[in-house]
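These notes are about the structure you will find just below.
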Amino acid sequence: MHDFEKMGVFYLGKELDSETKQLSDNLVLMKSKDLTTHAMIIGMTGSGKTGLGISMIEEAALDQIPVIAIDPKGDLANLALTFPQLRQADFEPWINLSEASNKGLSKEEFALNQAEQWKKGLASWGQSGERIQKFKDAAQVKVYTPGSSAGLSVSLLKSFNPPPQVILEDHDAYRERLDVTATSILSLIGVNAQTLTSREHILISNILDHAWQQHQALTLSDLIIMIQTPPMKQVGVLDLESFYPSKDRLTLAMQLNNVLASPSFKSWLEGEALDIQHFLYNSSGKPCVSVFSIAHLSDSERMFFVTMLLNEVISWMRSQPGTGSLRAMLYMDELFGFLPPVANPPSKTPLLTLLKQARAYGLGLVLSTQNPVDLDYKALSNTGTWLIGRLQTQRDIERLIAGLEGLASDKPFNRTETERLIAGLSQRQFYLHSVHEANPTLFSTRWVLSYLAGPMTRDQIASLNQISTTPQHAFQPQKTTQSSSQPLLSAQIPQVYCPPQQYSTSSLTYEPYCIGVGDVFYQSAKHNVSLNQNVVFLAPIHDGVISVDWSEAQKVNLSLKDISRQKPDNAVFEAYPQAASNLKNYDLWEKSLNQFIRTNVSLKLFYSPKLKLLSQVNEDQRDFVIRLQHAAHEARDEAIEALKKKYATRMNTLEDRLRRAQQAVEKQSTLANQKKMDAMVSTGTAIFSALFGSKKISATSITRVGSAMKSSSKALKSGQGIEQAQETLESVQNQLQELSQELENHVLKISDDYDVTTDYLEEVEIRATSNNISIPLVALAWVPKE
């Protein structure tokens, strides 16, 4: 296993010598949990900034961390271009024909050239098509194009629904949600609204507040109508007309109506709702990389969408339990204009909230920009990792250095050296400054797994997503040919009426079914389960030996309060089977329903043998898999921290023994010169780097440690009368190599123990006993035809 394949680390590239800029064999590995303190990528066009961002997204996916990526430039859709077999035919549909023509190559020749280039590039960084396949298997890449039908569509209607209860109960979070939503709505019509002085903002905020406090959802159409006829008569101490006359309100309503009436805006009302959990995981619980490509939108539309999306991310974030491990990543490929130092666009408030609060929930932000001047460095003070590439002007370098110096106020900052290193960067070379590391690092980025075809056209994006929809069928009643104006049955026969699936002003036709309602108590001391559930079945009625067979019944989402005993008006009823008119049958159907529930209606849970976790009641397999993945990340991170503490003591002991051996040499020989001291320092550094540095231990690390130890041995042999010290040193060397291998084995075991992708979920069934089943209702049910 390569060092970078171990779970919990992101493979960014390899170290560069700060003087010669030569590439070394030392891997630059970032712990995934370090990203909970966020990261910032800065670099001019052509610096390799996008490639670094894509590699970080790939690493997150490989570690089963879901990603939401906001793509203002159109480059991140390349994440869907992954070709494990690296064949010419895979690359051919995506190559740049202009570039091929400029190089005098045919389409086929250029595709072959790109395939060979990717194969060689990956190999030079210790990667292959096998790692591409792992990336494809680890996460599903989806490309959304809000406001366009090119990719997956996104509807913004849900964004005007009441926020979750956790935000409604948090006064500050609720006011922030109101302000940001009102500001973003007004940005669509070019109104740069101030929270306290804009009457447009105050009016819309009050309308939203009124609706949300009553748990009422609003569409843009509803909002336009309510602007003309607001639900309040007074704003502050002023009456509505004095504060905002109806003539002026009509003007505002007309502006928003023009947006709604625009043909281009219709696509904003179609597609998937802004459901963050859905963007992070697919229906089976597999992590997703959801790319939101917004290059085709106008500036105001971009601001509107990004703000709405960030609002939903905050709502999702606050519904999650706290954690110290990375739960999800939010990546933004160009921050320019969204977090400026002076202006206050709608996106700034939610970004500030996320930078301050997301860490506690395990949400890591990775923000990227090519413009270091237009950044609010004070707002970015919560960013723990900075990845700086080549910059365009000296002014950009000076502005960035000033920002970094302010962030590093709690520890020494060498301005001159930092400026020298940044000024000397070339393409794909970055300066890594992290609060999690003692010293900055220069490195070159690894080769990305995805094919970088450049910004994609609408047609190319359209071909990325295989969109399939499965219609959701409601309960389909049985078909009969006869009907009557009303059911003519004995008053002793229990009859109920089920509600229609949707509101209708026309008369409905009702069909006869047997309805059975059961109250079931599930109990298991072994699994610590104690639960009451209400189940409702609709079964067809036959004239025959078995008039009701509950195995033919369909479980429906109804409760007793949904069922009426009052016959609906203007209803048409189909003829019922004769078995439904026999009162004795209902007692038989009740007994058979009890038996059916006892033998066929169990409480099904899922169990993870690897993590020894049981799913919660009403937690489906998808949600359980999602919870397992994060639980595994948390357990893995805790195990690694415990391993560090365990081996730190043993490492310190070895270093003490090395120091004592050196002291013995110096006492016995005047030949113990600086060369020997340097060798000892090299040995200690190698031990420390291998065990507890940012680089993980490996065969390469062990070899490096052994080399340093041999250097020490040669230096000590130059002394006289120090055979005993030499024996001690050789003993320490052997112990060190044993320690290195022991640690490597532990790391491999931790990676395997908490890799839930290999975990097979067991299904646990809990059945109810007859004494724990009661049947409150068995009746003739009249079900409306759909």
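Between residue 463 and residue 531, the FRET efficiency estimated from the beta carbon spacing at R0 = 56 angstrom works out to 0.75. Net length available on complete extension from residue 5 to residue 436 is 153.1 nm, with 0.36 nm assigned per residue and the Cα-Cα distance removed.
Modelled this way, with points 7 Å down the Cα-to-C-beta line, the labels at residue 562 and residue 653 are 6.6 nm from one another. Counting protein heavy atoms only, the chain has 48 percent of its accessible area on carbon and sulfur, 1.4 angstrom probe. Where in segment 548-567 is the amide nitrogen less than 14 Å from a point lying 7 Å along the Cα-to-Cβ axis of residue 489? Counting backbone N atoms under 14 Å from the label point, the list is 548, 564-567. Each residue of segment 293-305 was assigned a 3J(HN,Hα) from its phi angle through the Karplus curve 6.51 cos²θ - 1.76 cosθ + 1.60 (θ = phi - 60°); the sequence is 8, 10, 5, 7, 8, 6, 4, 5, 5, 4, 4, 4, 5 Hz, with glycine and proline shown as x. Quick one: grab the alpha carbon gyration tensor of segment 244-333, order the square roots of its eigenvalues as a ≥ b ≥ c, and give me rounded if a/c is under 1.5, else prolate or oblate depending on whether a/b is larger than b/c. Prolate, since a/c reaches 1.5 and a/b exceeds b/c.
Each peptide among 242-249, 283-290 gets the average number of other Cβ atoms lying within 10 Å of its residues, and from highest to lowest they stand as 283-290, 242-249. In terms of distances greater than 23 angstrom between alpha carbons, the cross-link table entries 134/749; 646/749; 286/646 yield 286/646. Peptides 769-775, 730-736, 203-209, 291-297, ordered by how many other C-beta atoms sit within 10 Å of their residues on average, highest first, read 291-297, 203-209, 730-736, 769-775. Using a Förster distance of 41 angstrom, determine the FRET efficiency expected from the C-beta separation of residue 199 and residue 278, and round it to 0.05. That gives a FRET efficiency of 0.65. The distance from the alpha carbon centre of segment 49-96 to that of segment 220-274 is 41 Å, rounded to a whole number. Proximity of backbone amide H atoms, modeled 1.01 Å from N, is registered between residue 368 and 41, 332, 334, 335 at under 5 Å, excluding neighbours fewer than 5 places apart on the same chain.
Shape class for the chain, computed from the alpha carbon gyration tensor (a ≥ b ≥ c): prolate, with a/c not under 1.5 and a/b above b/c. Of the residues 221, 168, 95, the one whose Cα sits farthest towards the positive end of the charge dipole of segment 74-230 is 95 (charges of +1 on Lys and Arg Cβ, -1 on Asp and Glu Cβ, taken about the Cα centre).
For residue 317, neighbours were defined as the other residues whose beta-carbon sits under 15 Å from its Cβ, and their charges (Lys and Arg +1, Asp and Glu -1) total 0. Note on residue 85/residue 24: beta-carbon distance plugged into 1/(1 + (r/R0)^6) with R0 of 35 Å gives a FRET efficiency of 0.65. In this rough spin-label picture, where each label sits 7 Å from Cα along the Cβ direction, the residue 785-residue 575 distance is 1.4 nm. Reported to the nearest whole Å, the Cα centre-to-centre distance from segment 149-182 to segment 303-318 is 7. Dipole of the chain computed with +1 at Lys/Arg Cβ and -1 at Asp/Glu Cβ about the Cα centre; of 600, 349, 743, farthest Cα towards the positive end is 743. Each Lys and Arg contributes +1 and each Asp and Glu -1, all at the Cβ; summed about the Cα centre of segment 298-388, the dipole is approximately 440 debye. In the assembled protein chains, residue 143 presents an accessible area of approximately 0 Å² (probe radius 1.4 Å).
Using a probe of 1.4 angstrom and keeping all protein chains present, the accessible surface of the chain works out to 46 square angstrom per residue.
Taking the Cα centre of the chain as origin and assigning +1 to Lys and Arg Cβ atoms and -1 to Asp and Glu Cβ atoms, the resulting dipole is close to 1280 debye. Note on residue 168 and residue 102: the model spin-label points, each 7 Å out from Cα along the C-beta direction, lie 5.7 nm apart. Sequentially through segment 14-25, phi angles give Karplus couplings (6.51, -1.76, 1.60; θ = phi - 60°) of 10, 5, 10, 5, 5, 9, 8, 6, 7, 6, 9, 8 Hz, Gly and Pro residues having no value and appearing as x.
Averaged over residues, the count of other Cβ atoms within 10 Å places the peptides 447-459, 392-404, 353-365 in the sequence 353-365, 447-459, 392-404, highest first.
Think of the chain as having a plus end and a minus end, set by charges on the Cβ of Lys, Arg, Asp and Glu; of 732, 397, 613, 732 sits farthest toward the positive end of this dipole.
The values are calculated or read from the model by the stated rules, or taken from the named source; none is laboratory data. Since the structure is predicted, the reported quantities are computational estimates derived from the model, not experimental observations. Here the Cβ is made from the backbone with ideal geometry for all residues, glycine too, and neighbour counts use every protein chain on show. Note: accessible area is taken over every heavy atom of the protein model, side chains too, but ligands, DNA and RNA are not part of it. Shrake-Rupley method; radii C 1.70, N 1.55, O 1.52, S 1.80 Å.
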